[in-house]
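Peer 1: Below is one structure. I have some questions about it.
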Amino acid sequence: VELSCIIKSTVTPDPRIEWKKIRDGETSYVFYGNKMQGDFATRAEILSRTSLVIKNTTRMDTATYRCEVTAPSDTKIIDEINIQLTVQ
């Protein structure tokens, strides 16, 4: 599955992007510090800087995924988007 975090425009040359998984009220890192975290390290990757690709998805991956973009040189310094993923 591919989850996309679209960045429309930014003057910050290399904005920081983080992905988090929110399930049952608990938040965990998926992509932090430019690397995959936890069990995502072996089955997920970042494509074209902003899209999160999760391989071999299971029902345990059903959650809200939050993409957070930090761009210190921009007018809007931080922005986020939540994507609800449901695996049947």
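The values are calculated or read from the model by the stated rules, or taken from the named source; none is laboratory data. Treat the numbers as computed from the prediction; the structure is a model and nothing was measured. For neighbour counting, all protein chains shown are included, and Cβ atoms are generated from backbone atoms with ideal geometry for every residue, glycine included. Quick note on the areas: whole protein, heavy atoms, side chains included, nothing else; ligands and nucleic acids left out. Shrake-Rupley method; radii C 1.70, N 1.55, O 1.52, S 1.80 Å.
Peer 1: Given the criteria out of contact with any Asp or Glu (no Cβ under 7 Å at 6 or more places or on another chain) and either among the aromatic types (Phe, Trp, Tyr) or open to solvent by 80 Å² or more (accessible area, probe 1.4 Å) (or both), does residue 61 qualify?
Peer 2: no
Peer 1: It is to be established whether one or more residues within the stretch 67-81 are at pLDDT 95 or above and of a type outside the set (Asp, Glu).
Peer 2: Within the stretch 67-81, not a single residue is at pLDDT 95 or above and of a type outside the set (Asp, Glu).
Peer 1: What is the number of the single condition among (1) on the phi < 0 side of the Ramachandran plot; (2) free of Cβ contacts under 8 Å to residues at least 24 places away in the same chain; (3) open to solvent by 50 Å² or more (accessible area, probe 1.4 Å) that residue 34 does not meet?
Peer 2: That leaves (1) as the condition not met.
Peer 1: Return the total of residues in the stretch 1-13 being open to solvent by 80 Å² or more (accessible area, probe 1.4 Å) and within 14 Å of the chain's Cα centre (by Cα).
Peer 2: Going through the stretch 1-13 one residue at a time, the tally reaches 2.
Peer 1: Looking for whichever is modelled with pLDDT under 95 and not aromatic (Phe, Trp, Tyr) here; the options are 27, 50. Which one fits?
Peer 2: None of the others qualify; the one that does is 50.
Peer 1: If you check 43, 66, 16, 49, which single one turns out to be free of Cβ contacts under 8 Å to residues at least 24 places away in the same chain and either touching a Gly at 6+ places or on another chain (Cβ under 9 Å) or surrounded by 10 or more Cβ atoms within 10 Å (Cβ to Cβ) (or both)?
Peer 2: 43
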